[in-house]
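Contents: one structure, followed by commentary.
The values are calculated or read from the model by the stated rules, or taken from the named source; none is laboratory data. These numbers come from a predicted model, not from an experiment. When we count neighbours, we look across all protein chains shown, and the Cβ atoms used for this are built from the backbone with ideal geometry, even at glycine. Side chains are part of the model used for accessible areas, which takes the heavy atoms of the whole protein and leaves out ligands, DNA and RNA. Shrake-Rupley method; radii C 1.70, N 1.55, O 1.52, S 1.80 Å.
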Amino acid sequence: MGKTAFIFPGQGSQYVGMGKDFYDGFQVCRQIFDIAGNSAGLDVAALCFEENEQIHITEYTQIAMLTMEVAILKVLEAKGLKAEMAAGLSLGEYGALAAAGVMELPDLFRIIRMRGIYMQEAYPEGGAMAAILGLDGDTVAKICGQTAKETGKVVSVANYNCPGQIVITGEADAVAATSEALKEAGAKRCVPLKVSGPFHSALLKTAGEQLAEELKSVKLSTPWIPYVSNVTADYVTDASQVAELLKQQVSSPVQFTQSVERMIADGVDTFIEIGPGKTLSSFVRKIDRNVKVCNIEKPEDLDRVMEELAC
């Protein structure tokens, strides 16, 4: 029998109305939204369901996304759908923390709220990110390094999403210059991303340090199931590793491709994406076409997945 992994998306797939069907249909979801709202000092239900621009601003996006992800996770758990391991992309790693039981939920939501604020404040303007299509990660990393050396500015790999899709991050002019160099090196496209900061770059180190201070007051528990760290693409099984990795994660590249490859090598043949959109599902399919991938964004998705997996 193969293993199942829960995977959780990061920023970018949020939208107004996400999670409303689950909220209306399941009491446990309403409870999660209440816990999140009380912990973060925000009306998270209004943030997710009522027309607003805040949902696309990092300090609000993170709490909104994570609340929806955890709300759906709790419905899956109540229905007996379990995973042997978990992972997430960037912010999504906190969904994996929830699946692994590493933090009490009020702490988890408070920490993600502070993470969003710290990341927003760390480098309020002048940062950029771009998705590079059609080049391998080593080439992209090498050209980032050359541009950084030549210009004295920060530019580096932010995400290894899937083969042929690498995201770069840093100071806006350095990201633009690197994009041009990458096109010359054979990139099919370099797509600027609509983001409010140079995430997963050295420019956000202060945010990681502030986050580490917050984590000192949080009880971290041994994971119930292993989850894969974005920083190392390796399993976290020991509570003592968690805080340092979460600190580094803010300014380190997200090794999503490597994380998925690691789980597949260890017997995972079913990936269930929990949250808005199908971004990670498409990445996993590009990493390995032989594994089963499904996403749960609405209650009907849950019914379909339960049927497919014959739970």
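With contacts taken as Cα pairs under 8 Å at a separation of at least 6 residues, the chain carries a relative contact order of 23 percent. A cut-off of 5 Å between modelled amide H atoms, ignoring neighbours fewer than 5 places along the same chain, links residue 295 with 273.
Is the shape of the range 247-290 rounded, prolate or oblate, going by the alpha carbon gyration tensor and its root eigenvalues a ≥ b ≥ c, with a/c under 1.5 for rounded and a/b larger than b/c for prolate? Oblate. The modelled label-to-label distance between residue 142 and residue 238, using points 7 Å beyond Cα along the C-beta direction, is 3.6 nm. Helix content alone sets the calculated 222 nm mean residue ellipticity of the chain: runs of n ≥ 4 DSSP H residues at -39500 (n - 2.57) each, divided across all residues, give -15000 deg cm²/dmol. Whole-Hz Karplus values for the range 109-116 come out as 6, 5, 5, 5, 5, 5, 4, x Hz, taken residue by residue from phi with 6.51 cos²θ - 1.76 cosθ + 1.60 and θ = phi - 60°; glycine and proline positions read x.
Measure nothing but the geometry: give the 0 to 90° angle between the long axis through the Cα atoms of 27-40 and the longest principal axis through the Cα atoms of the chain, rounded to 10°. Once rounded, one gets 50 degrees. Here the gap between residue 77 and residue 125, fully extended at 0.36 nm per residue and compared with their Cα-Cα distance, gives a gain of 13.2 nm.
Residue farthest toward the positive end of the dipole of the chain, with Cβ of Lys/Arg at +1 and Asp/Glu at -1: which of 78, 26, 140? Value computed over the given set: 140.
Of the GluC sites (Glu not before Pro) in the range 74-127, the ones in a loop by DSSP (not H, G, I, E or B) with at most 13 other beta carbons within 10 Å are 125.
Would you work out what percent of the accessible area of the chain, with all protein chains in place, is carbon or sulfur (probe 1.4 Å)? On the chain, the fraction of accessible area on carbon and sulfur atoms equals 49 percent.
Looking at the chain, the accessible area is 41 square angstrom per residue; that uses a 1.4 Å probe and ignores ligands, DNA and RNA. Just to be sure I follow the definition: excluding the sites themselves, where is the longest run in the chain that has none of the chymotrypsin sites (Phe, Trp or Tyr not before Pro) in a DSSP loop with at most 15 other Cβ atoms within 10 Å? The longest uninterrupted stretch comes out as 16-223.
Normalised by the number of residues in the range 199-302, the mean separation of alpha-carbon contacts (under 8 Å, six or more apart) gives a relative contact order of 24 percent. If a spin label sat at a point 7 angstrom from the Cα of residue 53 along the line to its beta carbon, the backbone N atoms of the range 126-154 nearer than 18 Å would be those of 126. In this structure, the amide hydrogen of residue 42, modeled 1.01 Å from its nitrogen in the peptide plane, lies closer than 5 angstrom to no residue at least 5 positions away or on a different chain.
Taking a straight line from the alpha carbon of residue 3, these aspartates and glutamates sit under 13 Å away, with near neighbours fewer than eight places off in the same chain left out: 84, 266, 269. For the range 233-247, the Karplus equation 6.51 cos²θ - 1.76 cosθ + 1.60, evaluated at θ = phi - 60°, returns couplings of 6, 10, 6, 9, 10, 10, 4, 5, 8, 4, 4, 5, 5, 5, 5 Hz by residue, with Gly and Pro reported as x.
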